[in-house]
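One structure is given here, and the rest of the page talks about it.
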């Protein structure tokens, strides 16, 4: 086990929890076991990338290059950071994802918006001194993020979401290329009917637990206290 140095020489707990880990093998060619790694965070809405490179052995804040399109608004990261395509991806499930190559001298920030119709208005700001308002806002964001997820499956970055009512429509998308220019809809399944056919009754929208990393047709859902496996290609429950 390797313990990284304290950030800024301080033993205080780091307040943010959006760190991502990316490894390189054979000088970045991708062959053989990893021989270097980077740990990084997207801070101050992209004003800096805080990173630790194994070959440097210390934390450093680097100024990134902002690519196109630019961020339409400040992002609130509400999912674990994803490693894909030689980049780290930070996710705001109400807006989209930003990515950088943490090994680059001047990391370029790339932004990809969620599919059309999935972008939500920015959550309203609340008085941080009012714990009830803070809790209410947190619950509203959690209700959205429980029904959405970005992950990697079959070597592509993918996004899935469940609508909050009606048929509980589960949609799955794939990023059309590593540059992140758009999403392609792959499958849609009406979960209320599929779950009923499988012997499950969903009163509230199912939560997305995880995207299967090796089979893009498989999505794991949480329905009440049960974990249910849905085959997106055939539109049915298989476990």
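The numbers here are math on the coordinates, done by the rules we state, and not lab data. Since this is a predicted model, take the numbers as computed values, not measurements. Here the Cβ positions follow ideal geometry from the backbone for every residue, glycine too, while neighbour counts run over all protein chains shown.
Which ordering of 220, 173 is given by a fewest-first count of other beta-carbon atoms within 10 Å?
Numbers: 220 16, 173 22.
With the sparsest Cβ surroundings first, the list reads 220, 173.
What are the semi-axes of the equivalent ellipsoid for segment 160-239, taken as the square roots of 5 times the Cα gyration tensor eigenvalues, largest first, in whole Å?
Listed largest to smallest, the semi-axes of segment 160-239 are 23, 13, 11 Å.
Based on the mean of other beta carbon atoms within 10 Å per residue, what is the order of 53-66, 82-95, 156-169, 107-120, most packed first? Mind dumping the intermediate values first?
Values: 53-66: 13.6, 82-95: 21.5, 156-169: 18.1, 107-120: 16.6.
Highest to lowest by the protection proxy: 82-95, 156-169, 107-120, 53-66.
What order do you get for 219, 238 when you list them from fewest to most C-beta neighbours inside 10 Å?
On the way: 219 28, 238 11.
With the sparsest Cβ surroundings first, the list reads 238, 219.
Fewest to most neighbouring Cβ within 10 Å: what's the order for 100, 229? Before the final figure, lay out each step's value.
Numbers: 100 27, 229 15.
The fewest-first ordering by Cβ neighbours comes to 229, 100.
Among DSSP bridges having both ends in the chain, what percentage is antiparallel? Round to the nearest 5.
Working: 59 of 61 bridges.
The antiparallel proportion sits near 95 percent.
Using helices alone, what [θ] at 222 nm do you get for the chain, with -39,500 (n - 2.57) per DSSP H run of 4 or more residues, divided over all residues and rounded to the nearest 500?
-3000 deg cm²/dmol
From the list (1) 59; (2) 51; (3) 47, can you say which value of percent of Cα pairs over 24 Å apart was derived from the structure given?
(2)
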